[in-house]
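The structure under discussion appears below in the form of structure tokens.
Coordinate-derived values only; no laboratory data. From a predicted model like this one, the values you see are computed outputs, not experimental measurements. Because the Cβ atoms are built from the backbone with ideal geometry, glycine has one as well, and the counts that use them run over all protein chains shown.
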Amino acid sequence: MSSARIIPSAEPNVTPMIDVLLVLLIVFMLAVVRVHRTMDVQLPQPCGNPCDAPGDAIVLEILPGPSYRLNGTEVKPTELRERLTAVYADRPNKTIGVAGARGVSYDDVMSSMDVAKSAGVTVIGIVPRVEESRSSR
């Protein structure tokens, strides 16, 4: 009678590891979809000549620091929400144009847009920067 030895296999079973990996992949994909936030903005249409803006347009300028100007009037960062809320309290058209100066960080612009949204603004437009022509430099 010959005695046959059974040698145990040293290969790992990867099927459970692949199952766990696929479950984690699905969980992370769902988490990313839920975390992603967007903000709706309206970009202006290009025009050849300086566009005539309505006289009652509200423009928020974000300057380095950050500091703010609301239609040319200086506004302290701590008073921005109050001023915007007061301006838009009686206005049926809750549209604002946001203009960022050179050197202003993306975070400062987005934070000011969040403040505007919380103050009641429903439509945010980006004011294009007017570049000097190369011939005038």
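Put a dot 7 Å past the Cα of Leu24, heading toward its Cβ, do the same for Thr73, and the two dots end up 5.7 nm apart.
In plain terms, the chain from Val59 to Ala31 could stretch by 6.5 nm, reckoned as 0.36 nm per residue minus the Cα-Cα distance. Other residues whose C-beta falls under 13 angstrom from the C-beta of Tyr88 contribute a net charge of +2, scoring Lys and Arg +1 and Asp and Glu -1.
A Förster radius of 22 Å, combined with the Cβ-Cβ distance separating Thr95 from Arg129, puts the computed FRET efficiency at roughly 0.70. Cβ crowding within 10 Å, taken as a proxy for footprinting-reagent exposure, orders Ile124, Ile96, Ile18 from fewest neighbours to most as Ile18, Ile124, Ile96.
Here the convex hull built on the C-alpha positions of region 59-130 has a volume of 81 cubic angstrom per residue.
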